[in-house]
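Every number in this text was worked out from the coordinates using simple rules, so none of it is lab data. In this text, all values refer to a predicted model and were calculated from it rather than measured experimentally.
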Amino acid sequence: MSVMANIAEGFDRQSPKEFIRFLNYSSASASEIQSHLYVALDQEYISEEEFANIYGQAKKTKNLINGFISYLKGKKRS
């Protein structure tokens, strides 16, 4: 939830610099999710299959966010 909330909060700031800052927070939140997944796996709350699936989704989300950040930074230079 914090990934989506950070994106929304940054967008509402109506400043490209602030939006990028909150997108970075969103990417870090996705990393936090990945960290929590290791704990859940170690404690046997989730299976290895569930871990791999959700971890992959978090990785894809981070890649999309980081690509969007790169796009916005490139757009600012134009």
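Some points to look at:
- For the chain, the orientation-averaged shadow of the C-alpha convex hull comes to 4.9 nm² (one quarter of the hull surface).
- Secondary-structure-derived ellipticity at 222 nm for the chain, considering helices only, amounts to -30500 deg cm²/dmol, per-run term -39500 (n - 2.57) for DSSP H runs with n ≥ 4.
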